[in-house]
Amino acid sequence: MKKIGLIVGSLRKGSYNRLVLEKVKELFPEGYEADFIEIGDLDHYNEDLDNENPPESYVRFRKELEEKDAFVFATPEYNRSIPGVIKNAIDVGSRPYGESKWDGKFAGVISTSISATGAMAANHALRQTFVFLNLIPMQQPEAYLSEIESYIEEGQLSSKTVDLLKEFVDAFVKHVERLS
Ligand SMILES: Cc1cc2nc3c(=O)[nH]c(=O)nc-3n(C[C@H](O)[C@H](O)[C@H](O)COP(=O)(O)O)c2cc1C
């Protein structure tokens with residue numbers, strides 16, 4: 001069984017990125033278990049806290065990361081970059097130095113925006129962190145969901161969007177299997 005962690009870069013209850021990952025969760029085939037890893041309760045990363053007595057939120061998050069083989073992130077763009085909450089989660093998971101929980105695992109990135117750019121700047125800013133983390137990104141297909149509000153019908157993603165997500169998940173499964 002391969003274990004996938006789903007990480008949303010928005011804390012909003014009505015988050016479109018969460019809606020997207022809820023669908024992604026359903027699209028993984030047999031042999032895969034995809035679960036959300038929450039980041040909203042994580043204390044701001046502080047090396048002093050970590051050295052003295054790591055907060056319970058760091059310990060919980062790192063344990064959940066450790067159990068996963070791969071991650072799918074869905075993030076909005078805030079001011080042409082990633083929201084602070086997702087960067088904080090990346091940083092917490094990367095420490096203590098030499099004990100990063102991201103090292104050598106697989107990652108897929110979806111970015112979702114209400115605007116026309118599909119949060120491409122955030123998508124790429126997140127990928128930039130993967131270089132040092134040694135997360136192995138799926139490069140293709142890229143997933144930029146632009147003007148997401150026009151692809152939601154009665155609170156559900158349109159079938160066209162679900163088809164795109166299915167393509168993304170199928171490619172991600174191949175990525176994980178090819179390199180495992
Ligand atoms: C502080 C802030 C900054 C934002 N900056 C951008 C931006 O740079 N580019 C963009 O496409 N959308 C931007 N947005 C709009 C988001 O795309 C929109 O709020 C989106 O729905 C957030 O994702 P969510 O639905 O998952 O919360 C910004 C929103 C906020 C709150």
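Every number here is computed from the coordinates shown, using simple stated rules; none is lab data. Quick caveat, the model's predicted, so the values are computed rather than measured. No Cβ is skipped: glycine too gets one built from the backbone with ideal geometry, and neighbour counts run over all protein chains shown.
With the simple model of a label 7 Å out from the Cα in the direction of the Cβ, GLU38 to PHE132 spans 2.9 nm. Over all pairs of different C-alpha atoms in segment 88-150, the reciprocal of the mean inverse distance, the Kirkwood hydrodynamic radius, equals 12.6 Å. The label point for ASP170 and the one for LYS63, both projected 7 Å from the Cα toward the Cβ, are 3.9 nm apart.
Translational diffusion coefficient of segment 2-179 (Stokes-Einstein, Kirkwood radius from Cα pairs, 10 °C, 1.306 mPa s): 97 µm²/s. Per-residue ellipticity at 222 nm, computed for the chain from helices alone with -39500 (n - 2.57) per DSSP H run of at least four residues, works out to -13000 deg cm²/dmol. For segment 90-180, chymotrypsin sites (Phe, Trp or Tyr not before Pro) are listed when DSSP marks them as loop and at most 15 other Cβ atoms sit within 10 Å of their Cβ; the list is TYR97. Legend: ranking of residues ASP35, ASP69, ASP48 from fewest to most surrounding C-beta atoms inside 10 Å; resulting order ASP48, ASP35, ASP69. For trypsin sites (Lys or Arg not before Pro), the sites in segment 77-126 that DSSP calls loop and that have at most 15 other Cβ atoms within 10 Å are ARG80.
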